[in-house]
Structures are given as C-alpha cells and as structure tokens.
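Structure, as structure tokens:
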Amino acid sequence: PAVTRREAYQPPDWHVPELALDIDLDPAETRVRATLSVIRADAHDRPLRLDGAGQVPLSVTVDGVAINDWRLEGETLVVPLDGSAHTIETEVVIAPERNTQLMGLYASGGLLCTQCEAEGFRRITYFPDRPDVLARYTVRITADKARYPVLLANGDPIASGDLEDGRHWAEWHDPFPKPSYLFALVAGDLAANRASFTTISGREVALAIWVRERDLPKTGHALDALQAAMAWDEAVYGREYDLGMFNIVAVDDFNFGAMENKGLNIFNSRYILADPDTATDQDYDAIAGVVAHEYFHNWSGDRVTCRDWFQLSLKEGFTVYRDQSFSADQGSAAVKRIEDVRVLRAAQFPEDAGPLAHPIRPDSYLEIANFYTATIYNKGAEVIRMMATILGPEAFRAATDLYFDRFDGTAATCDDFVDCMEEAGGVDLTQFRLWYSQAGTPRVVAGLAGQPGGRAMLTLAQHVPATPGQPAKQAMVLPLKLRLFGADTGRPLTDERLVLLDSPTKEIAFDGLAERPVLSINRSFSAPVIVESARAAADLALLSAHDDDPFARYEAMQQLMLDTLVAAVTHGRADHAAAVEAVRHILEDATLEPAFIGEAVLLPSESFIGDQLAVVDPEAIFRARAALRRDLGIALEPLWRAAYADNAAGHYEYTPAAKGCRRLRNVALDYIAAADPQGGAALAFAQFEGTDNMTDRQAALTTLAGGTSDARIAALDIFYNRYSDNALVLDKWFSTQALSTRDDTAQMVEELAHHPDFTLANPNRARALVGAFAVNQRAFHHPSGRGYRFLADQVIALDKLNPQTAARLLPPLGRWRRVDEHRAQSMRAELERIVATPGLSKDVLEQATRSLD
Ligand code: HT7
Ligand code: ZN
C-alpha cells in the first residue's frame, strides 16, 4: 500500500463549487447520482480525478452527454476534460447492509446513516475526497416511507413529498461550502427531543436529538449540554451558530465517539443516552463533553477546516482544548484538570514512548484512520493550552478571533493557526513550533539547592527522548509554572512564576527566602512533560497539604504514592507510613471538596506505576499496589467509614456537589473492602442492591468483581438480568469483568468472548471486552502469553469486518520493549502472526508492522 507524505501536498487540480446528490435509499441497493460542477484550478492539462472505493461507475456524463473515455486507475475514476468548467454526472449502486466497516453509508439497528471522516465519502460516490475541496451540497433523499419516515441531511430542509409507491423524498441544502468528510445523511424511524436556542444576535435555531422512540427519555442531558455549549461558545469565543437547525442522531454501531457533520452530528449512542439508572456520573460528564466537542467543531473544523489530514490536530487539538475548558467551567475546574492529565498520562504518554510515537502533525501515513490518536487529540490540546498560557487570556482570544476571521470558509494549516497566535499575541513562536514536528514526551530534571543567606538555585534541564524516525531532538519551549513553599510552615515563599525553559538547561536564582524552600513545579500541569525532581517524602507531604494549586497538591500526593510503590516493586517492600499520613491529612482537611479528595487519595494506576520503571513486572506492580491499598484501608478504616457515611445522598442528583460525594464515597468503599474483604463485600452488595443510580451500582459491582466473595457472582447475574435488553449497560457488564483484578480474569475474558451477547460486529461491545482487557495490565500480561494470543485472535477476526476498530485495539501488543524478554518474545510472535495473516487490511498492517520496530 502507498504511503502518503505531508511534504507531497499539492493543491487540488479542480474545484467543485457545487454538488447535487440524488440518493435512492435501500439497504441492499442504494442508487447514488452525483452532479458535480467542476472548475479547472489553473492552467494545467490534467484530467479530473475522482476518488472511489468499492463501487464501479454505471454511467458518466459530461455536460449532459454520456462519455466512454473515462477510465479507472485502481479505484480512482479519471475523466478527461477539455474546458475549464464542466458539469459531471456519475451513477453508482452501493449496498449499505453489507457495509460492516461502518464507513460510508451503512445500516445500524434499522437506520441508514453515514460516516465520512476521514475517507468514507468515496465509498458513497465518486468525488475528490480530500478536505481542501469545498462544495455547496444539495441532497435529495428518497426512501420507503414506512421504514424510513425521517430523512435527514446537512443544512436546512428545503422541500419534501410523497411518491406513489409508498416511498417519499426530502431535499436538504447546506449553504456553507464543506469538504466531503462533513457530508451526512440519516434515514430511519426516529423520534426527536426538540428545543430551541436563541443566538446572541437573536436568531432562533431549532434543535433536535433523534433517537428510537423508547430512548427519548434519555436525551434530556445531551440536549441541556448542547444548549450550554452553544451559549458558552458565544460567551467565551464569540462564535454563533449559523444554520436554522441543528440535528443530532444517536446510532448504536459507530467506530468512534461522534461526528461533527455540518448541522447533522451523528453520535455513538453511548454519548447521548443517559438516565440515572443506566448511566454513571462519568457517562454524564462524557456526554456533555462530547456533545460540546462536536458542537464546537462547527467553527473549529467545519467553518475553518483542515487543508490535508496531516493538519488533523488543527481541528482536533483545538476542539479538545475547547471542550476541556467548557467542562472545567461547568463543574470543578481542578478536578477536570486532574482527570484530563490522567487521561493524557494513561493514553498519550505510552503512545509517545512506544513504537507508534508520532508528532501532533505527522509526516506520513499508510492509513489516516490510524492517526485519530491520543497524540493528535490530547497532546494536541496541551499544545494549544501552552499557547494560551504563553499569550494570556486576552491575547489568546484576539488570536482565535483572528484565526476564525481570516480562515473562515477555507481549509487551513497548523502553521496558519500558530501565525495568528504570533500576530495577535505579539510573540515569536518559531521554536515553539517544534511541538508540531517533534514526537516524544520531554523530560525535565529539576533540582533546587538551598544556599546560605536565604538563597536557592533552581537548575532545570530538558531532554526529549528519541522516537521512531527522530533520533536527535532540539530543545523545546516548555512553559513551567512554579512556586516555592516554606519547608517548615508550608507558606508560599514566592509568587507563582511562568518560566519558559527554551534551552537545554537553565538556572534561576531565588533570594530572600525565609525558610528552606520546597519546589512546586509544573503547576496546573502547564507543560505536558515528565518532571523528575527528587523531593523527599516529607516535602511531597508538605505540598500535598499546603500547595495552593489544587493540581500541584494532587500531583504531590501522586508522587509520594508513586515513590512508595516504585520502592516496593524495586526492593520487594516499602515503608507506607508517609503515604498513609499524607492521605490521612487529606481526608481530615474539612476545607477540601469531596470530589478533590476522591481524586487525591486514589492510587496511581498499574500502568502509570509501570511507566516509572525500566522493565515492567506486572505481577510485582499488582502486589505492591494491593499492599499499599490494603495498608491505607486498614490504617485509615475509621476515616473511610466516616467518608462513606457522611457522603451518602438521599436520591440521585447530577450536580457537581452530589457527583463529588458519590466519587469520594465509592473510593472509600473500595478502601473499606481492601481493609475488610468480607465486610466490604457485604457493604458493596448492599449498595449494589439499594442504590437508585448506576454510578453507585457500577462502583459496587467493580469492588465486588475484583474480590472473591459469593456476592460477586450474585451481583453479576442480577446486573445481567436487569439490563439484558440495554446494550450500553451490557457493555459495562463485559468491561467490569475484563478490568477485574482477579487472578482468573484472562480465562474469564476468553469465556466471555463466547457469550451469546458478545459480538465483534458492534464496536462498543468489542471495545468493552477486548479493549478493556488489553489495558488490564496484570491480566493482559499473564505469564502464559494467553492474553497476547487472545488479543491477536480478536484483532485478526475483527479485521475482516471492521479494520479501523481492529487497528485501534492493537497498540497494547506494541509495548513489548517495556516488559521482560520472555513476555516480549510472546508479544512479538503475536504481532508477527498478525502481519502474516492473508488479506490483512492496511489499517492493521500499518499498526502491526510499526509495532514490531
Ligand atoms: N472528527 C471525528 C472523527 C471521527 C472518525 C474518525 C475515523 C473513523 C470514524 C470516525 N468517526 C468520527 C470525531 C471528533 O473528533 O469529533
Ligand atoms: Zn473532534
């Protein structure tokens, strides 16, 4: 398969200002007629080249006349043209019901829907399927009226009518030029939860969330989130919605979270449907975040789109930054930042440290679908956040205004965005641009040396590790917020400073310090880097108790626990006293909000502990973590029981305060179970049975599923029977078991893959079992190698149906350099088995071969 390179970008030969689609829908045989007005871009003599995939042209006409001199080069339709402007018509037939890849037009639960990003439109019709060809679309849909009473497309509806044969039609027009990846169509038997939004300039926008009739009661939260997001984008970025209508449709089979098609967002139903009985607080938060994210794309993605797919982070990094800021404004900003950093460390840091590392603006790809990664999204958001920090809020807003104004209606680049930051911010970001081209997580070594006379010298050194294809790196610009605290009193000794570390090393002197200083660095996680700063347990405990930056306070706690756990893994045992006392202090601090306490007292994950070690020993990590969990549970049992009792709620309410109480209470439940497995299981089972909400039920089930009590089987059965007709909750049933800390998880997961409710055809279900299992460090790295074999078997099987989803499950197999030689060999053997599989997709081929390097 051919590699696409960023440097090879050429502007399009032909513009397509207008496209009319006439789509006669049928699951087995859908007829698509496309009429393109094309204009030669400049004085060249090249033919028109239209991308296609999987279909053949039934007819091709130029200016109304059928032609025969078209040809296919691979899947590309090549049409020779003489003049500078023509009208081209093509006709194809496609079969949505046979589309298991879920790209292009496909069937999901009786609906017909589309997914075109990144290159799905070519599976519907012939077109220059690249993001820098922007057309105005008019779409006519015809379908059986009984089966598909609702017909939706982008833009606004312009006409509709009935036909004699039980079919009907609808026409939609989208006045905004858009690339083909933003095209969408949905047909089905859907009901709408409707509302209206008055924009800042007084225009009424009709909002609707379309779902199956029975799911209507679960759409309120998503609709509220949409309205909040519309208001927030006006207030914070000055962005107003631009069509008369905004539709969202939820579908059950979807490769990703959701899609920002202009005026017609299509969502994975897990990011729309929620009620207290079936969705956790985490689900509610994710729904608001994803609804906002897709809505924000209307400007950062749709109005200003990407020139080519190498610029993907232009829209994704910026939009993630926007949705993170929105969510921070809706609840606890401190907790949101902690959660975002946890996601970054869990998903992006390992990617940046492994064989699949790539810059946020990659240089080449075989399959662009493989680059919808945590690096493009989450590290991309951190890069935008750093620019916002460097510029400050006013200049950052001026810069985004400039960006939206200058590039409205066009396809832009990452450099265009940074240019706007430089111009409006009056800063030179030449060196900062290395964030776009260099992969790898920078490391900062920070040492603070106290000197006589109230002086201290801070030494900072940065190092960017080698990554595939990038052996040597240049020094980057790292904006580090820092502050010094007094070791005796815990009082601040300095103001917070923003230091731009832009050279390999830097020294900063502090004078007039009244006490020995303790360093608080990378406050609010101002740069997405790993800081190594040898601070004593007592100093970390001091920061965890006194730092005024909540993120830094959390971070000190995490570092203290990490140091304890790393010592335990390395030496077989460790002193838990400092960690216990620091957790006690947090639990006893009445000024802290429960949500923050719930985060601060959490143990670092097994994978994060592993990231601190040269060679990961999953069993030793598991044992060390379990021992600390048990000791914290036992030593602080009265406090955990008090936290459990004090944070009980009468009935479910989705408010930041109530959410925080549930969070702390469920963390406390798990520590109680660690201290007293039998009593804890009884408490968990009582909570499981007695609660009115899924947050508490799922938390209790997780605690039970990790234990050995009889209540475990009972709870799993009750849960299954209660929710056997709810696919999203059954996903939880699968993933809770796949994430279990029990010894027999690998075997259990193999058995679950044969459960009648397990199917690889539904991406959510595949991710719930296989994806969850592959991040369960101890189970996946089972010394027998059965975990690796299981993952490889599932990837090979899924590749035949849905290559994109299969390829996204594969990365855990690429972490073989991080484990011992025996495990590494087993992992490589499975990767080699995958690569040798006949008929492999380019999606999986690319991920597996890169993973072997
Ligand atoms: N922009 C959307 C990306 C997306 C996608 C990518 C590949 C395959 C299927 C997909 N569905 C949606 C999602 C977003 O970032 O908003
Ligand atoms: Zn996005």
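Every number here is computed from the coordinates shown, using simple stated rules; none is lab data. These numbers were taken from a predicted model, which means no experiment stands behind them. Positions of Cβ are generated from backbone atoms using ideal geometry, with glycine treated the same way; all protein chains shown enter the neighbour counts.
For D670, D129, D548, what's the fewest-to-most ordering of other Cβ within 10 Å of each Cβ? The partial results should precede the final answer.
Values: D670 20, D129 23, D548 14.
With the sparsest Cβ surroundings first, the list reads D548, D670, D129.
Remark: segment 328-455 projects, on average over all directions, an area of 11.8 nm² (convex hull of Cα atoms).
Dimensions of segment 253-294 based on its C-alpha atoms, expressed as ranges along the principal axes with the largest first, amount to 32, 21, 14 Å. The stretch between V236 and T489 holds 87.2 nm of extra length on full extension. This uses 0.36 nm per residue minus the Cα-Cα distance.
Calculated on the alpha-carbon coordinates, the convex hull of segment 422-496 measures out at 138 cubic angstrom per residue. Ordering I718, I672, I209, I713 from the fewest to the most neighbouring beta carbons within 10 Å gives I713, I718, I672, I209. Report the paramagnetic label zone for S437: residues of segment 1-31 whose backbone N is under 20 Å from a point 7 Å from Cα along the Cα-to-Cβ axis. Under 20 Å, as judged by backbone N against the label point of S437, lie 4-10 of segment 1-31.
Taking every alpha-carbon pair in the chain and binning the separations at 20 Å intervals from zero gives 14, 47, 33, 6, 0 percent.
Spatially, segment 380-445 and segment 317-356 are offset by 18 Å when compared through their Cα centroids. Note on segment 452-606: Kirkwood radius taken over Cα pairs, Stokes-Einstein applied at 37 °C and 0.692 mPa s, translational D equal to 194 µm² s⁻¹. Distance in nm between label sites at H463 and A333, each 7 Å beyond Cα in the beta-carbon direction? Using points 7 Å along Cα→Cβ, the separation is 3.5 nm. Distance between the C-alpha centres of segment 148-207 and segment 31-97: 27 Å, rounded to the whole angstrom. 3J(HN,Hα) along segment 709-722: 6, 5, 4, 4, 5, 4, 5, 4, 5, 4, 4, 4, 5, 5 Hz, from the Karplus curve 6.51 cos²θ - 1.76 cosθ + 1.60 with θ = phi - 60°, whole Hz, x for Gly and Pro.
Within 10 Å of each residue's Cβ, count the other Cβ atoms and sort W70, W435 from fewest upward.
Numbers: W70 20, W435 27.
Fewest-to-most Cβ neighbours within 10 Å comes out as W70, W435.
For a label point 7 Å from the Cα of D45 along Cα→C-beta, name the residues of segment 59-82 whose backbone N is under 19 Å from it. Output list for this probe position: 69-71, 78-82. Relative contact order of segment 580-695, taken over Cα pairs closer than 8 Å and 6 or more residues apart, is 29 percent.
Based on a Kirkwood Rh over C-alpha pairs, give the Stokes-Einstein translational diffusion coefficient of segment 622-775 at 25 °C and viscosity 0.890 mPa s in µm²/s.
On the way: Rh = 16.2 Å.
Estimated diffusion coefficient is 152 µm²/s.
Can you give the extra length, in nm with one decimal, that the chain gains between D401 and A577 once fully stretched, where that is 0.36 nm per residue apart less the Cα-Cα distance?
Numbers: separation 176, 0.36 × 176 = 63.36 nm, distance 5.23 nm.
Working it through step by step, the gained length comes to 58.1 nm.
For the pair T655 and V78, the difference between a 0.36 nm per residue extended length and the Cα-Cα distance amounts to 202.0 nm. For the chain, the number of Lys pairs with C-alpha atoms closer than 19 Å, counting only pairs eight or more positions apart or on separate chains, is 14.
Computed over the chain, relative contact order equals 8 percent, with contacts defined as Cα pairs under 8 Å that lie 6+ residues apart. A convex hull fitted to the Cα coordinates of segment 612-712 yields 115 cubic angstrom per residue. Taking a point 7 Å from the Cα of R786 along the Cα-to-Cβ direction, the residues of segment 795-812 with backbone N closer than 19 Å to it are 795. Label-to-label distance for R623 and I67 is 7.3 nm, based on points extended 7 Å past Cα in the beta-carbon direction.
Note down, for segment 4-189, the three equivalent ellipsoid semi-axes (square root of 5 times each alpha carbon gyration tensor eigenvalue), biggest first, whole angstrom. All intermediate terms of the calculation are to be shown ahead of the outcome.
Numbers: eigenvalues 156, 59, 51 Å².
Over the Cα atoms of segment 4-189, the ellipsoid semi-axes are 28, 17, 16 Å.
Working from label points 7 Å from Cα in the Cα-to-Cβ sense, the K145 to A590 distance is 6.9 nm.
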